[in-house]
Amino acid sequence: MKTKKVSVKDLLESGECNKEVEISGWVRTKRGNKQVNFIALNDGSTINNIQVVVETENFSEEVLKKITTGAAIHVQGLLVESSGSGQAREIQAKVLDVLGEADPDKYPIQPKKHSLEFLREVAHLRFRTNVFGAVFRIRHAMAFAIHQYFNEHGFYYLHTPLITASDCEGAGEMFRVTTLDPKNPPLTENGEVDYKQDFFGRATNLTVSGQLEGELGAMALGKIYTFGPTFRAENSNTTRHLSEFWMIEPEMAFYDLNDNMDLAEDFLKYLIKYALEHCMDDLKFLSARLQEEEKTKKAEERSMELIEKLNFVLTHDFERLSYTEAIEILKNSKQNKSGKFQYPVTGWGVDLQSEHERYLVEKHFKKPVILTGYPKEIKAFYMKQNPDGKTVAAMDVLFPQIGEIIGGSQREEDYEKLVNRMREVGIPVESMSYYLDTRRYGSAVHSGFGLGFERLLLFVTGMGNIRDVIPFPRTPKNAEF
Ligand code: 4AD
Ligand code: MG
């Protein structure tokens with residue numbers, strides 16, 4: 001009988017038994033005695049290993065010696081129902097080939113509990129652990145679900161540029177892109193670097209957001225989304241900030257702020273539901289791991305079990321309230337009055353810190369929150385100005401553990417108001433003429449938001465540090481792998 005090459009996932013899920021199979025993978029563990037060895041083999045297709053049963057008398061000692069944790073092997077044998085507990089089926093090995101050895105004295109990933117901090121130092125190998133296998137399979141599933149959601153809902157995937165000359169968020173936290181010689185750049189008469197002589201004939205940077213170009217697309221295609229890397233040179237060394245992160249930015253013509261909030265809530269729930277429906281094995285593993293960690297905490301500091309938490313978000317309406325209402329709640333909170341916030345809430349106008357966001361979500365409302373109507377001073381220039389002259393039609397979605405997971409707004413569609421605001425905050429109106437054309441010609445109400453992909457993954461996986469949900473994290477002073 002001709003055998004077929006399949007994945008561990010296929011083998012474990014197929015109902016078939018008593019047939020010849022071939023499989024390649026990496027050894028997770030080997031245990032046993034003189035007569036029989038049991039190899040737990042994993043090929044990345046699932047968190048579950050397939051057990052390979054090896055009658056030692058059928059193989060040379062030399063081959064068996066090379067089968068150590070981390071080694072790549074190829075197995076041919078009979079897939080049978082397992083007599084042991086813990087697995088439904090196993091392979092009785094007939095042929096064993098060692099494809100690549102992993103010297104046990106040197107290979108860093110040994111079959112014991114490694115700290116996440118240690119694994120960050122060997123980020124190139126951490127994919128081979130159960131935790132990171134689970135995280136990156138879920139990352140894939142979420143990326144797929146995002147495209148599926150938008151495709152099902154009539155959005156077009158628009159590729160916005162990574163190199164731009166604009167600063168969407170106006171925060172000046174950009175990485176310069178240049179081919180000028182840093183030691184000897186051409187200078188203008190005023191002694192400043194002459195970017196006219198640079199590669200693009202102007203100063204350029206890596207994008208902080210695809211929104212501005214996204215708006216241009218939405219004002220013709222109707223509903224678009226971007227999904228790509230964005231770059232921020234902010235010196236934030238927190239568990240929620242990356243210098244290079246992925247953002248999903250839908251932008252919709254004829255959507256007002258309420259439509260925007262409805263979309264954001266529906267979208268997030270769809271993604272969480274998708275994870276529950278497609279990633280249960282990985283979620284169960286991550287949940288069990290978290291439960292172990294939680295045991296070390298005081299009862300009142302323990303958080304909800306992962307799968308329960310995901311279901312909870314799915315089945316509850318997000319609380320919607322204004323920034324002004326939120327400030328009142330925060331100002332009058334016990335936490336604030338007893339000085340427990342690192343940044344005391346003094347009154348209207350202050351920017352919210354993640355401790356405030358999390359207080360609203362975790363302690364006060366005990367569910368996700370959408371805040372609207374922020375002071376215009378703490379938000380970007382493009383947001384729709386409210387009639388009160390003080391606030392803008394912003395919306396931030398706040399999640400437990402994370403704080404802000406989505407930032408968005410209705411956009412200012414009025415040409416005069418937008419230009420005036422740009423002048424006020426010092427945005428060079430002339431170089432943004434292309435953007436203003438959407439307001440000059442066929443302008444209309446439109447809205448959009450940005451979802452931080454890694455922040456979504458923090459929530460779905462329950463991981464505590466954003467460096468552990470992106471394959472190769474870039475953070476200040478860190479771009480090793
Ligand atoms: O709130 P932000 O800065 O909004 C924008 O960039 C808008 N242009 C989006 C839009 O309306 N199209 O960022 C959006 C989201 C945040 O809510 C957060 O989830 C994530 O991006 N984010 C980060 N994630 C990881 N590391 C960072 N340094 C992040 N900065 C923002
Ligand atoms: Mg924001």
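The values are calculated or read from the model by the stated rules, or taken from the named source; none is laboratory data. Computed from a predicted structure; not experimentally measured. Neighbour counts run over all protein chains shown; Cβ positions are idealised from the backbone, glycine included. Calculation scope for accessible area: heavy atoms of the full protein, side chains included, ligands and nucleic acids excluded. Shrake-Rupley method; radii C 1.70, N 1.55, O 1.52, S 1.80 Å.
Counting pairs of alpha carbon atoms under 8 Å apart in space and at least six apart in sequence, what relative contact order in percent does the stretch 219-335 give?
With pairs under 8 Å counted, the relative contact order is 19 percent.
Would you work out which of PHE132, HIS159, SER85 lies farthest towards the positive end of the dipole of the chain, given +1 charges on the beta-carbon of Lys and Arg and -1 on that of Asp and Glu, about the Cα centre?
SER85
Once you charge only the Cβ atoms, +1 for Lys and Arg and -1 for Asp and Glu, what is the size of the charge dipole of the chain about its Cα centre, to the nearest 20 debye?
Roughly 1240 debye, rounded to the nearest 20.
List the residues whose amide H sits under 5 Å from the amide H of GLU319, counting only those 5 or more places along or on another chain, with H placed 1.01 Å from N in the peptide plane.
Residues meeting the amide H criterion: VAL369, ILE370.
Report relative contact order for the stretch 1-121 in percent, whole number only (criteria: Cα-Cα under 8 Å, sequence separation at least 6).
Over the stretch 1-121, the number comes to 24 percent.
Can you compute the charge dipole magnitude of the stretch 1-155 about its Cα centre, using +1 on each Lys and Arg Cβ and -1 on each Asp and Glu Cβ, nothing else charged? Give it in debye, rounded to the nearest 20.
Charge dipole of the stretch 1-155: 340 debye, to the nearest 20.
Of LYS298/LYS367; LYS113/LYS366; LYS337/LYS363; LYS363/LYS477; LYS9/LYS66; LYS112/LYS367, which sit over 27 Å apart, Cα to Cα?
Too far apart for the 27 Å limit: LYS113/LYS366; LYS363/LYS477; LYS112/LYS367.
For the stretch 43-180, what D do you get in µm² per second when you plug the Kirkwood radius from alpha-carbon pairs into Stokes-Einstein at 10 °C and 1.306 mPa s?
Diffusion coefficient, whole number: 80 µm²/s.
Of all accessible surface on the stretch 24-103 at a 1.4 Å probe, what whole percent is carbon and sulfur?
Heavy-atom surface of the stretch 24-103 belonging to carbon and sulfur, 1.4 Å probe: 45 percent.
Starting with the highest mean, order 187-195, 127-135, 470-478, 457-465 by the number of other Cβ atoms within 10 Å, averaged over the residues of each peptide.
457-465, 127-135, 470-478, 187-195
Quick check: Cα centre of the stretch 266-345 to Cα centre of the stretch 1-72, how many Å?
Result: 40 Å between the Cα centres.
For the stretch 351-481, what % of the accessible area comes from carbon and sulfur atoms, probe 1.4 Å?
48 percent
Projecting each Cα onto the charge dipole of the chain (Lys/Arg +1, Asp/Glu -1 at the beta carbon, about the Cα centre), which of ASN58, THR226, GLY70 comes out farthest on the positive side?
It is ASN58.
Pop out the ³J(HN,Hα) list for the stretch 270-281 in order, Karplus 6.51 cos²θ - 1.76 cosθ + 1.60 with θ = phi - 60°, rounded to Hz; leave Gly and Pro as x.
So the Karplus estimates, Gly and Pro as x, are 4, 5, 5, 4, 4, 4, 5, 7, 10, 10, 4, 4 Hz.
Using the Cβ atoms and a cut-off under 13 Å, what net charge is assigned to the surroundings of LEU221, where Lys and Arg are +1 and Asp and Glu are -1?
-2
GLY15: net charge of surrounding residues, Cβ under 13 Å, Lys/Arg +1, Asp/Glu -1, itself excluded?
-2
Determine, for each peptide in 269-281, 287-299, 91-103, 222-234, the mean count of other beta carbons within 10 angstrom over its residues, then list the peptides with the highest first.
Sorting 269-281, 287-299, 91-103, 222-234 by mean packing, highest first, produces 222-234, 269-281, 91-103, 287-299.
Need one number: the % of Cα-Cα pairs in the stretch 267-425 sitting beyond the 20 Å mark.
More than 20 Å apart: 59 percent of the Cα pairs in the stretch 267-425.
Once amide H atoms are built 1.01 Å from N in the peptide plane, which residues 5 or more positions from GLU412, or in another chain, come under 5 Å H to H?
Distant-sequence amide H within range of GLU412: MET383, LYS384.
When only C-alpha pairs under 8 Å and at least 6 residues apart count, what is the relative contact order of the chain, in percent?
RCO, the chain: 13 percent.
Considering only protein heavy atoms, what per residue accessible area in square angstrom results for the chain with a 1.4 angstrom probe?
49 Å²
Can you give me the pair-distance distribution of the stretch 155-263, C-alpha pairs, 5 Å bins, whole percents?
2, 12, 16, 17, 17, 14, 10, 6, 4, 2, 0
Please compute the length gained on full extension between SER433 and LYS183, using 0.36 nm multiplied by the number of residues separating them and subtracting their Cα-Cα distance.
Gain on extension, SER433 to LYS183, equals 86.6 nm.
If I take the Cα coordinates of the stretch 115-193 and project them onto the principal axes, what are the three extents in Å, biggest first?
On the principal axes, the stretch 115-193 reaches 58, 44, 21 Å in Cα extent.
So what J values fall out for the stretch 409-416 if you push phi through Karplus, 6.51 cos²θ - 1.76 cosθ + 1.60 with θ = phi - 60°, rounded to Hz, Gly and Pro as x?
With the stated coefficients, the stretch 409-416 comes to 5, 7, 9, 6, 9, 7, 4, 4 Hz.
Tell me, what HN-Hα J-couplings in whole Hz come from the Karplus equation 6.51 cos²θ - 1.76 cosθ + 1.60 at θ = phi - 60° for each residue of the stretch 40-52, using x for Gly and Pro?
8, 10, 10, 10, x, 6, 7, 5, 7, 9, 9, 8, 10
Suppose we keep just the DSSP beta bridges with both residues in the chain; what percent of those would be antiparallel, to 5?
85 percent
Return the Cα extents of the chain along principal axes one, two and three, sorted largest first, each rounded to a whole Å.
84, 58, 44
Based on Cβ point charges of +1 for Lys and Arg and -1 for Asp and Glu, what charge dipole magnitude is obtained for the stretch 190-336 about its Cα centre, in debye rounded to the nearest 20?
Taking the Cα centre of the stretch 190-336 as origin, the dipole is about 460 debye.
What is the Å³ per residue value for the convex hull set by the Cα atoms of the stretch 289-359?
Expressed per residue, the convex hull around the Cα atoms of the stretch 289-359 is 120 Å³.
Please list the non-local residues whose amide H lies under 5 Å from the amide H of TYR156, H modeled 1.01 Å from N, same-chain partners needing a gap of 5 or more.
It is LYS223, ILE224, TYR225, by chain and number.
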